[in-house]
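Undergrad: Pasting a structure below so you can have a look.
The values are calculated or read from the model by the stated rules, or taken from the named source; none is laboratory data. Remember, it's a predicted structure, so these values are computed and weren't measured experimentally. Cβ sites come from the backbone with ideal geometry, for glycine too, and all protein chains shown count toward neighbours. Protein only, heavy atoms only, side chains kept; ligands, DNA and RNA dropped before computing areas. Shrake-Rupley method; radii C 1.70, N 1.55, O 1.52, S 1.80 Å.
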Amino acid sequence: TPIFTRSGSLVRPIIEKVPAAKGRQTTVARLKTMCPASLADHVAQVARYQRFDGRSKDWVTINPPGEVMNALLARDGKWRLHPIAGVITTPTIRSDGSILDRPGYDPETRLYLSLDPGFRMPAIPAHPGRDEAVKALRLLEELLVDFPFVSEVDRSVGLSSLMTPVVRGALPTAPLHAIRASTPGTGKSYLVDLASVIATGRRCPVIAAGRTEEETEKRLGALLREGVPIISIDNVNGELGGDALCQMTNMPIVRVRILGKSEAPETECRATVFATGNGLILVGDMTRRTVLCTLDTKAERPELRDFDFDPIERVQTDRGAYVAAVLTIVRAY
């Protein structure tokens, strides 16, 4: 039964089908902390609880006792279950260069892979050379031809945005990818969506930065506990920083406070974090823990531009080819 330990609790992967573009569906996944009711539901499927009824002088079947479920949930440190770092729906790479593409739990990365039934990926050479890597790189670069990068450094950060979420399983940490511009409609959120479509099959759900650092920390902590692969802080106005964000981009394990409790259990972070904003300013240690991409169309109404093709639609037509391109580049390196 796919039940795992995370941050001192029992969790289980939640796999759902959600709508994608043009009538498609894709698989999304998250981790859900188990409660007495959800544990009783699983227990009742594999064991039968009974008590002796004095009136009928016979044993009768009962629901799993609540005190037993609470006792099982409280056995932190005694569970003989695997720890889980996150749940993904797309193949990734391990730190030794091998490919994680078999559905289920992977002990080395501590990731749970739930493949979309419709996902297909071409074979990846065991030892790709420079030619294969360059060919794969061109496939990714074609997606970025219409993004108004200010410099080649910004283009490199754009490529990193597409690649990092796919290979995050092999990385102990990953920097924040910040995408900023001076005017709305430049393509900041679209670049994050493009990265998310490659890594997860759908556009990226977003959160807003809180009015205070503490509020932002609560929002980030909730997503960390769910083990989501991508976190996007959208439309940041002004400064971005804070201890929680610094820790998520610099430490493989962070302490996340649980709402309503004086507890901050250790939580493994395997998310790629993005931030977008007009005039976004990084403060404090985030200046050292961020790769920054600047977009500038030099147009007064950038949202009115015409494009030759839709990069997201192109990826959705053959997503496996782009995942394979990322894995080929990293494996060749």
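Undergrad: Within the range 140-157, is even one residue over 30 Å from residue 297 (Cβ atoms) and either at pLDDT below 95 or basic (Lys, Arg) (or both)?
TA: No, there is no match, as no residue in the range 140-157 is over 30 Å from residue 297 (Cβ atoms) and either at pLDDT below 95 or basic (Lys, Arg) (or both).
Undergrad: Let me ask something else about it. All but one of (1) in a helix (DSSP H, G or I); (2) modelled with pLDDT of 95 or more hold for residue 168; state the number of the condition that does not hold.
TA: Of (1) in a helix (DSSP H, G or I); (2) modelled with pLDDT of 95 or more, only one is false for residue 168: (2).
Undergrad: Here is a follow-up. Give me a count of the residues in the range 308-330 that are of a type in the set (S, T, N, Q) and open to solvent by less than 30 Å² (accessible area, probe 1.4 Å).
TA: Within the range 308-330, residues that are of a type in the set (S, T, N, Q) and open to solvent by less than 30 Å² (accessible area, probe 1.4 Å) number 1.
Undergrad: If I go through the range 123-134 residue by residue, how many of them are surrounded by 16 or more Cβ atoms within 10 Å (Cβ to Cβ), assigned to a loop (DSSP other than H, G, I, E, B) and of a type outside the set (Val, Ile, Thr)?
TA: 1
Undergrad: Moving on to the next point. Output the number of the condition that residue 271 fails; it satisfies all remaining conditions of (1) over 27 Å from residue 25 (Cβ atoms); (2) open to solvent by less than 60 Å² (accessible area, probe 1.4 Å); (3) in contact with a helix residue (DSSP H, G or I) (Cβ under 9 Å, 6 or more places away or on another chain); (4) not basic (Lys, Arg).
TA: With respect to (1) over 27 Å from residue 25 (Cβ atoms); (2) open to solvent by less than 60 Å² (accessible area, probe 1.4 Å); (3) in contact with a helix residue (DSSP H, G or I) (Cβ under 9 Å, 6 or more places away or on another chain); (4) not basic (Lys, Arg), residue 271 is out only on (1).
Undergrad: Tell me which of these residue 63 doesn't satisfy, since it passes every other one: (1) touching a strand residue (DSSP E or B) at 6+ places or on another chain (Cβ under 9 Å); (2) open to solvent by less than 60 Å² (accessible area, probe 1.4 Å).
TA: Only one criterion in (1) touching a strand residue (DSSP E or B) at 6+ places or on another chain (Cβ under 9 Å); (2) open to solvent by less than 60 Å² (accessible area, probe 1.4 Å) is unmet by residue 63, namely (2).
Undergrad: Among the helices (runs of 4 or more DSSP H) confined wholly to the range 235-333, which include 3 or more residues that are closer than 25 Å to residue 180 by Cβ?
TA: Where helices (runs of 4 or more DSSP H) fall fully within the range 235-333 and carry at least 3 residues being closer than 25 Å to residue 180 by Cβ, they are 243-248, 311-317.
Undergrad: From the list 66, 8, 86, 104, pick out the single residue that is small (Gly, Ala, Ser) and at pLDDT below 90.
TA: Just one listed residue meets the conditions, 8.
Undergrad: In the range 274-292, what count of residues is obtained for those that are open to solvent by less than 10 Å² (accessible area, probe 1.4 Å) and touching a Ser or Thr at 6+ places or on another chain (Cβ under 6 Å)?
TA: Taking the range 274-292 and keeping what is open to solvent by less than 10 Å² (accessible area, probe 1.4 Å), we get 274-277, 280, 286.
Filter once more, so that each one left must be touching a Ser or Thr at 6+ places or on another chain (Cβ under 6 Å): 274, 276.
Result for the range 274-292: 2.
Undergrad: What residue, among those in the range 191-216 that are out of contact with any strand residue (DSSP E or B) (no Cβ under 7 Å at 6 or more places or on another chain) and outside any helix (DSSP H, G or I), is surrounded by the fewest Cβ atoms within 10 Å (Cβ to Cβ)?
TA: The selected residue is 211.
Undergrad: Just checking: which of the strands (runs of 3 or more DSSP E) contained wholly in the range 43-104 hold 2 or more residues that are more than 30 Å from residue 327 (Cα to Cα)? Walk me through how you get there before you give the answer.
TA: Values: elements: 49-53, 58-62, 86-88.
By residue number, 49-53, 58-62.
Undergrad: Tell me, which residue of the range 135-190 that is farther than 21 Å from residue 238 by Cβ and among the polar types (S, T, N, Q) is most open to solvent (accessible area, probe 1.4 Å)?
TA: My answer is 156.
Undergrad: On the given criteria, is residue 14 open to solvent by less than 80 Å² (accessible area, probe 1.4 Å), of a type outside the set (Phe, Trp, Tyr) and within 20 Å of residue 104 (Cα to Cα)?
TA: Judged against the criteria, residue 14 is a match.
Undergrad: Is it true that some residue in the range 25-37 is over 17 Å from the mean Cα position of the chain (by Cα), closer than 21 Å to residue 199 by Cβ and not small (Gly, Ala, Ser)?
TA: yes
Undergrad: Let me ask another. Would you check if there is a residue in the range 293-300 being of a type in the set (S, T, N, Q), in contact with a strand residue (DSSP E or B) (Cβ under 7 Å, 6 or more places away or on another chain), over 29 Å from residue 6 (Cβ atoms) and open to solvent by 30 Å² or more (accessible area, probe 1.4 Å)?
TA: yes
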